[in-house]
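The values are calculated or read from the model by the stated rules, or taken from the named source; none is laboratory data. Please read these numbers as outputs of a predicted model, since none were measured by experiment. FYI the Cβ positions are ideal-geometry reconstructions off the backbone, even for glycines, and counts take in every protein chain you see. Calculation scope for accessible area: heavy atoms of the full protein, side chains included, ligands and nucleic acids excluded. Shrake-Rupley method; radii C 1.70, N 1.55, O 1.52, S 1.80 Å.
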Amino acid sequence: MLLHYRKTHFICFFFLCLSQALGIKSIPKADESLTYLWPLPSRFTFGNQTLSVDPGLSLASGGNGGGSAIVKAAFDRYKAIIFKHSSQYSALRKLRESVSVYEISKLSITVHSDNEELQLGVDESYTLLVNKDDRQSITGDVLIEASTVYGALRGLETFSQLCSFDYATKTVQIYKAPWYIRDKPRFAYRGLLLDTSRHYFPIDVIKQIIESMSYAKLNVLHWHIIDEQSFPLEVPSYPNLWKGSYSKWERYTVEDSYEIVNFAKMRGINVMAEVDVPGHAESWGIGYPDLWPSSSCREPLDVTNNSTFDVISGILTDMRKIFPFELFHLGGDEVNTDCWKNTQHVKEWLDRQNMTTKDAYQYFVLKAQEIAISKNWTPVNWEETFNTFATKLNPKTVVHNWLGPGVCPKAVAKGFRCIFSNQGVWYLDHVDVPWDDVYTAEPLEGIHNASEQKLVLGGEVCMWGEKVDTSNVQQTIWPRAAAAAERLWSQSKLISKGNITLTALPRLQHFRCLLNGRGVQAAPVTNAYARSPPTGPGSCYEQ
């Protein structure tokens, strides 16, 4: 017996040493005290039951908006995600179903409003109840109740995260039932910027990014469509503008743009387009050279030429037919006016107008704002406009922070609304920013007055495109964008206490694995540089 024990002990020790030498980690065990929902709901309770879910899960709709095509399509999408391991043609599945009794067989969705308009501040709240169908339960099965279809979408995402495939029984299970969840977002604006000027992204890739945004309950795609490098967008009023694209195969037609906006709406995501003026616009002059002050001064755009503003108006008129979201981004950042004063006809115009180049920059931005407002848009501008001429900005202006902390407090103190995107923490192209810095960034930092806090619309992580393309964009966005997504959705008091390495990191790693399971190429959470591949063998849940 003693000899057997020593042999067994030696063998165990040998394989332990071998696994450590090879970098093989032990199988991770989930911390059962944590709630593996991302982002964390506002209020929830749970029990200790395990319920099985019928692969034939049916949908029952109620309320004025329950029959919406948006709800039905979302149910079908999530059903495919939840039961991806189940084949409807599997003989084994049919055999199991003939002898199995499932506790969850129906999902009821009640939507009170039939208004499907998607705008800033739309009600995204929902209630989710998961209970065993025991013929005596008041609620029965699963119930999602929401005021709007967009609240129902958020509830479906949460429900999908409650569902886990059990490989032993080959069934979908819901653990810790019964669940009672009442949830709503902390901020109305929860965005991701995608830059399609520095690198072109095919339509299908943009759709994949939008789909992945819905998993983290982000709700605004800030589409930075054009910039100095390329102009890939079709503008029917000025058809030569997209001559500024990289190639004739790297363009977005009007129909493409409609498709992206409609695809996003079906997932409760607004699309905010950006036309950055007067800087970042060199590509415009490829099709219309008169927009350049001269061949050696290609940006900022020619402030002296009335046709410059005619072109801007034409672009915005065409885009207004495509983008229904009330916010429109007019850029206004990084405007170097040196070549204005070095271009003879611009210098003469400035002298006649008794303007400095700084005055001309203000004149251009305000004129562009007037054009956007005339088309029933609310202008959004990067913070340089506020930093340079705050008192002259239209009071409707939304100030978009990016240069660093402290701008939103100043903006809201002057009555402006603000979007937080501090580049030190929420610029995803900064691949050296770790997940915890992203997670702990606070949009309301330095704002203590309750009325001023309400002027912060929310925040946005920015995926600038200089060093990303289709080959690496998703792993650069995820999972760090999810860290910001929870900051923007979940109540601060729920996610700001305790050691986040213990309370948030395991949950974020779990969500990263969920993204991987849904086909999203999310990178390991804890690598020193974002989008880096794994450093060795190991579980998804520990990387």
Please enumerate the residues belonging to the stretch 186-224 that are of a type in the set (D, E, K, R) and touching a Leu at 6+ places or on another chain (Cβ under 9 Å). R186, R190, K217
Out of E282, E274, which single residue is open to solvent by 10 Å² or more (accessible area, probe 1.4 Å) and either in contact with a Lys or Arg (Cβ under 6 Å, 6 or more places away or on another chain) or of a type in the set (D, E, K, R) (or both)? E282
Keeping to the stretch 298-325, report how many residues are under 25 Å from the mean Cα position of the chain (by Cα) and open to solvent by less than 50 Å² (accessible area, probe 1.4 Å). 5
By residue number, the members of the stretch 385-401 that are of a type outside the set (S, T, Y), surrounded by 21 or more Cβ atoms within 10 Å (Cβ to Cβ) and out of contact with any Lys or Arg (no Cβ under 8 Å at 6 or more places or on another chain) are L393, H400, N401
What pairs can you find where one residue is in the stretch 120-141 and over 10 Å from E103 (Cα atoms) and surrounded by 14 or more Cβ atoms within 10 Å (Cβ to Cβ), the other is of a type in the set (K, R) and modelled with pLDDT of 90 or more, and their Cβ atoms are less than 7 Å apart, with a gap of 6+ or different chains? E124/R154; E124/K184; S125/K184; Y126/R154; T127/R182
Expected single match for outside any helix (DSSP H, G or I), under 22 Å from I209 (Cα atoms) and open to solvent by 30 Å² or more (accessible area, probe 1.4 Å) among P533, P524 is P533
For N422, are the conditions met, namely being open to solvent by 50 Å² or more (accessible area, probe 1.4 Å) and out of contact with any strand residue (DSSP E or B) (no Cβ under 7 Å at 6 or more places or on another chain)? no
Of the residues S294, S374, which is more than 24 Å from C418 (Cα to Cα), of a type in the set (S, T, Y) and open to solvent by 30 Å² or more (accessible area, probe 1.4 Å)? S294
